[in-house]
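*Asks:* Here it is, the structure, as structure tokens.
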Amino acid sequence: MKAVTFAAYGGPEHLQIADAPLPEPGPGQVRIHVAAASLNAFDWHQYRGLPYLVRMGGNWSVKEPRILGADIAGTVDAVGADVTHVAPGDRVLAEISLGGFAEYAIASASQFAPIAPDVPFDAAAAIPMAGLTALQALRDFAKVEPGERVLVWGASGGVGHLAVQIARILGAARVDAVASARNAQMLRDIGADTAFDYASTALPTGPYDVIIDTVSTRGLRHLKPLLSERGRVVTLGGLANGKILGPGRDILGRIIWAKLVGVRHEKMLANINAKDLEWLASRLADGSLTPVIQRTFALEEIADACRVLEDGHVAGKLVLHVS
């Protein structure tokens, strides 16, 4: 089968389209014939091996070619022992961390969920990692309640634009967004009440019950005046690209600052589980969740796709057409 592989850490130029063995599903696993896959910042951290924290756990060097790709959608091709809830021919989305940018990929039971017949594979592939992050940040960490006011800072990216929509699904009375001015109309189209230009002086004033921050470009002391009396901030990531900690530098700094300035603050990492993937798939099916796809690429254009990804100005998601 064709697959996107890398045999050493480095830039997009190190990625290759190579022949790889057809994977076989083990107990509790399925093999998916991949139709589409989407890119995440997670992917470039993997092939660059940056920050160095990515290389922990025996991954200081690439000892054999690895297949890139986490988010996929396609059709179940084969099932392993003990798999009874899906069958060959079923349509699914999945989040598998590595191995997705290939004609066939393996997913465990906790990593995939069925999708409806009329949900496009492109849309399904755009959802898993970013959708899990946005959903769990709002529901489990921020604990958004119906009628609350939500601000999404860094709202035009993969996680942010889904967080705008999921906040509305969870019952937020008002959802505002901060992003680049060029993405303001897109954000209004998907449900933001007001889209603020991060480069403008006309920034939000609040009060907000929840701030979801995907970029950490403003310190907590700047966000505190925007919060209501019971307001809280959930930090999902940062733009810092240091070789040691990467975005973790921003997150660690916020943990300290939260105590110093007295802000209710949570950091989070998404948990992959089938139940939440099923929730996302159901919202795709009923039309309440619609991922924005900025551009699609053929599998052979993976290097170009990764260069666009690394540029850092993607509105929504980038999708690969695999097979």
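*Asks:* Need the full-extension length gain, Glu278 to Arg221, defined as separation in residues times 0.36 nm minus the C-alpha distance. One decimal, nm.
*Replies:* On the way: separation 57, 0.36 × 57 = 20.52 nm, distance 3.75 nm.
Contour length minus the Cα-Cα distance gives 16.8 nm.
*Asks:* State to the nearest 20 debye the size of the charge dipole of the chain about its Cα centre, where the only charges are +1 on K and R beta carbons and -1 on D and E beta carbons. Please list the in-between numbers first.
*Replies:* Numbers: 30 positive and 33 negative charges, 277 e Å.
Around 1340 debye, computed over the chain.
*Asks:* Run lengths n ≥ 4 of DSSP H only: what is the helix-derived mean residue ellipticity at 222 nm for the chain, with -39500 (n - 2.57) per run over all residues, to the nearest 500?
*Replies:* On the way: 9 runs with 81 residues, N = 323.
For the chain, the value works out to -7000 deg cm²/dmol.
*Asks:* Which whole-number percent gives the relative contact order of the chain, counting Cα pairs below 8 Å spaced six or more residues apart?
*Replies:* On the way: 787 pairs, mean separation 65.5, N = 323.
Reported as a whole number, the value is 20 percent.
*Asks:* I need the shape label for region 129-180. Rule: rounded when a/c is under 1.5, else prolate if a/b > b/c, else oblate, with a, b, c from the alpha carbon gyration tensor. Let's see the in-between values first.
*Replies:* Working: a/c = 2.07, a/b = 1.19, b/c = 1.74.
Cα axes put region 129-180 in the oblate bin.
*Asks:* Could you give the length gained on full extension between Glu13 and Asp193, defined as 0.36 nm per residue of separation minus the Cα-Cα distance, in nm? Each step should come with its number before you reach the end.
*Replies:* Values: separation 180, 0.36 × 180 = 64.80 nm, distance 4.10 nm.
The span from Glu13 to Asp193 would gain 60.7 nm if fully extended.
*Asks:* Right, something else. Separation between the Val261 and Ser97 pseudo-spin-labels, each 7 Å from Cα along Cα→Cβ, expressed in nm?
*Replies:* So the two model labels end up 3.4 nm from each other.
*Asks:* Place the peptides 84-93, 70-79 in order of packing, highest mean first, counting for every residue the other Cβ atoms within 10 Å and averaging per peptide. Before the final figure, lay out the partial values.
*Replies:* Details: 84-93: 15.5, 70-79: 23.7.
Put in order of decreasing packing, that is 70-79, 84-93.
Just so you know, all these numbers are worked out from the coordinates, no wet-lab data involved. Since the model is a prediction, treat every value here as computed from it, not as a measurement. Here Cβ is always computed from backbone atoms with ideal geometry, including for glycine, and neighbour counts include all displayed protein chains.
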